[in-house]
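A short worksheet on the structure shown next.
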Amino acid sequence: MAKNTPQPKKDAPAGTTVSRRDFLALGAGALGLVGLLQTGGMALQFLAPRRVDGEFGGVVSAGPAESFPPGSVTEFPDGRFFLARAADGGFLAVSRRCTHLGCAVSWHAADEQFACPCHGSHFDLIGDVQNPPAPRALDTYPITVRDGALLVDTAQAQQRDSFAPEQLVYV
Amino acid sequence: MSWLNAMIDRLRYRSVPPPEDRSRMRAVANNLVLHLHPTRVPAPALRFSRTWGLGGISALLSVLLIATGVLLMFRYDASIERAYPAVQAMETVIPFGSLLRGIHHWAGNLLMITVVLHMVRVFASGGFRGERRMNWVVGLGMLVLVLTFNFTGYLLPWDQLAFWAITVGTGLLIYVPLVGQAISDFLLGGPEVAQSALRNFYALHVALLPVVLIFGLSYHFWRVRKDGGVTIPPQSEQVTKLTTIPHLVTAELGVALITLAGLVIFAMAVPAPLEALANAAHPPNPAKAAWYFLGVQELLMHMHPLAALSLAASGLLGLAVLPLWDRDTSDEGVYFRSQTGRRAGMIGAALAIVLTPLLVLVDELWLDLPTLLAPISTLISNGLLPLLLTLGGLAGIYAGLRGALRARHSEALVGLFSFVMVALVVLTAVGIWFRGPNMALVWPF
Ligand code: HEM
Ligand code: FES
């Protein structure tokens, strides 16, 4: 047997087989692991994406509700969304990002639909898929109404499979 | 008649090298770059058809990419306002800017091809078994690294091609369950391709990845030597060992010069593409990922993204566990294992050439599984079902080769590998040339 194989020491309390040397090695290893996790966590936080207020990702003020006739679609390029007003007057902030692979859809008023040039997906005014490969309706952003004006929070897009009436916001 | 003397010497001293060889061997051992080589190499390993020079070409291209890349850094600016004008200036006013950019661009693309071919060669000669299994996995890592290099570099010119290829490429990532969105946000530094994405990709491309590349390659070469050099079939008689200088070094130099000359001529004739400035509101039609991802993008046209990604992941996993999957070393170094293995490989390739375009056409024109199985969720009808059918088909090919050809396990795997690789090439070709506006199938000629 090798000379330096740790042997249970006399000072190890009865009933345990962990020698002092093993204990210290284990402790050092555990400390090293904690240190590694800590640096990893620090690096991750350092690198994590940050949002800047006022730009895309913040709250966009869309203006007074009266300026959007029912059945209309208005683009907000800086907010990356379209404000759609359904025929019954309900509002929906529809993301510009195609749910297939993320290209930008555009509104074609003549055909009353959003079309994605990348792989040919089509969506109707409320964002429902009319033509695949897009797997689900266009994402939406939450709308709040303050003093008759519409505020669209672009921080987090809301995913949905398809349109449901309760997604509409009324003034 | 010194060469005659040298030959006689070589015959006389099989194991103990003659004095002039000793000094050549010392030259190898004492030089940093040459040190990557052994001092002497078995004669059969020097045959060109042992390696086709593919690993060497890949190494040369890596060095060339570092040299040209460092030069490009002096004229490039990773900001969305200044990147495009900087690249434009290279194309128009900076002396040799267009050539330098062309060499960097085409070397990156060529490297993609030579690394894959290198992998195919190692597979075919059975160089992934025994002690070489670690280096097979390292090599696979280098392949993924080259993909990452190309992917991050693709964004840097900040033109329409760059912007939308990366948008679509990271759009794919989002389909990875649970972590996809987080990984995409982290890479892009936000929800969309913008300034943070350009800065992140630049840091990866010119700092982190090159460091990994240099350490990775050094380890890869060192392991080749540790594992006994290039795989050669067991020799019946004792093999002659030739000194690295001149036998290996002149061959390497020849291949390097031909590659360099070809690349420079190509880069002069065909400049690297540069389209209009990136415009986040107007994607081109069709928007395609970079060409080496078009095989996967083509799969996406036919099945749910989750299924396509699972299929790609199974392929990669299959390659990674290959050394455990096929441990039969009896045919080491024999191309395609045996005559039967060769036949299995041909059958696999032929099947892929016929079946892949056929399936693409059938699925595109006639078969619409989601509508056919309407009440069932598309996740099953368009996802699980095609996935299982494809994996079942692969298993069928393997079983067929085992049965009909009486192929051994490792010979049938040659057929399977060849089917998968050729199918990938066919899918990539369909994606590059046969997809037009709205990604509809078109006839390109
Ligand atoms: C395996 C190695 C590498 C590959 C495959 C690769 C690939 C690419 C690609 C595809 C581009 C896009 C440019 C274009 O297509 O026109 C690019 C750009 C660039 N690369 Fe690399 N690259 C590699 C290594 C490096 C290294 C080591 C550096 C610097 C240390 C570097 C610096 C740059 C710079 C500054 C650009 C932007 C200039 C431009 O777009 O023309 N590259 N690279
Ligand atoms: S990204 Fe819109 S259809 Fe593919």
Checked A:S121, A:S95 against criteria (within 11 Å of chain B (Cβ to nearest Cβ), at pLDDT 85 or above and away from ligand 2 (no atom under 11 Å from the Cβ)); the one match is A:S95
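Would you mind finding the one in B:A272, B:A261 that is away from chain A (no Cβ under 14 Å), in a helix (DSSP H, G or I) and under 25 Å from B:G56 (Cα atoms)? Explain how you work it out, then say what you get.
On the way: B:A272 fails: in a helix (DSSP H, G or I).
Answer to the check: B:A261.
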Of the residues that make up the range A:39-51, is at least one among the basic types (K, R) and more than 16 Å from ligand 2 (Cβ to nearest atom)? yes
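Select from the range B:271-322 the residues that are within 16 Å of ligand 1 (Cβ to nearest atom) and either free of Cβ contacts under 8 Å to residues at least 40 places away in the same chain or in contact with a Gly (Cβ under 9 Å, 6 or more places away or on another chain) (or both) and list them in ascending order.
From the range B:271-322, those within 16 Å of ligand 1 (Cβ to nearest atom) are B:271-278, B:288-294; that's our starting set.
Hits for the range B:271-322 are B:P271, B:A272, B:K288, B:A289, B:A290, B:W291, B:F293, B:L294.
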Note on B:L441: of the conditions (1) more than 17 Å from B:L309 (Cα to Cα); (2) open to solvent by less than 30 Å² (accessible area, probe 1.4 Å); (3) within 14 Å of chain A (Cβ to nearest Cβ), unmet is (2)
B:V115 vs (1) near ligand 1 (Cβ under 10 Å from one of its atoms); (2) at pLDDT below 95: all pass except (2)
Okay, helices (runs of 4 or more DSSP H) sitting entirely in the range B:138-245 with 3 or more residues that are more than 14 Å from chain A (Cβ to nearest Cβ) and on the phi < 0 side of the Ramachandran plot, I get B:209-226
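Considering only the range A:103-115, state which residues are within 12 Å of chain B (Cβ to nearest Cβ) and open to solvent by 10 Å² or more (accessible area, probe 1.4 Å). Don't jump to the end; show me each part of the working.
Step one: list which residues in the range A:103-115 are within 12 Å of chain B (Cβ to nearest Cβ), which gives A:103-107, A:115.
Residues satisfying the conditions are A:S106, A:W107, A:A115.
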(Q) Can you confirm whether A:A104 is more than 13 Å from ligand 2 (Cβ to nearest atom), under 21 Å from the mean Cα position of the chain (by Cα), of a type in the set (A, V, I, L, M, F, W, C) and within 24 Å of A:P49 (Cβ to Cβ)? (A) no
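Okay, residues lined up against (1) open to solvent by less than 30 Å² (accessible area, probe 1.4 Å); (2) out of contact with any strand residue (DSSP E or B) (no Cβ under 6 Å at 6 or more places or on another chain); (3) part of a helix (DSSP H, G or I); (4) at pLDDT below 80:
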| position | (1), (2), (3), (4) |
| --- | --- |
| B:S15 | no, yes, no, yes |
| B:R50 | yes, yes, yes, yes |
| B:G56 | no, yes, yes, no |
| B:A59 | yes, yes, yes, no |
| B:V63 | no, yes, yes, no |
| B:I66 | no, yes, yes, no |
Open item on the list: Condition check: among the acidic types (D, E), open to solvent by less than 50 Å² (accessible area, probe 1.4 Å) and in a helix (DSSP H, G or I). Does B:E411 satisfy that?
Closed with: yes
From the option list B:L173, B:L198, single residue qualifying as open to solvent by less than 20 Å² (accessible area, probe 1.4 Å) and either in the same structural domain as B:M142 (by TED's automatic domain parsing) or under 16 Å from A:G102 (Cβ atoms) (or both) is B:L198
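Hey, can you tell me all the residues within the range B:77-99 that are under 21 Å from B:M268 (Cβ atoms) and within 8 Å of ligand 1 (Cβ to nearest atom)?
B:V87, B:M90
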Being surrounded by 14 or more Cβ atoms within 10 Å (Cβ to Cβ) and within 25 Å of B:F163 (Cα to Cα) narrows A:F123, A:F91 down to just A:F123
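The values are calculated or read from the model by the stated rules, or taken from the named source; none is laboratory data. Please read these numbers as outputs of a predicted model, since none were measured by experiment. Neighbour counts are summed over all protein chains in view; Cβ atoms, including those assigned to glycine, are modelled from backbone coordinates with ideal geometry. For accessibility, only protein heavy atoms count, side chains too; no ligands or nucleic acids. Shrake-Rupley method; radii C 1.70, N 1.55, O 1.52, S 1.80 Å.
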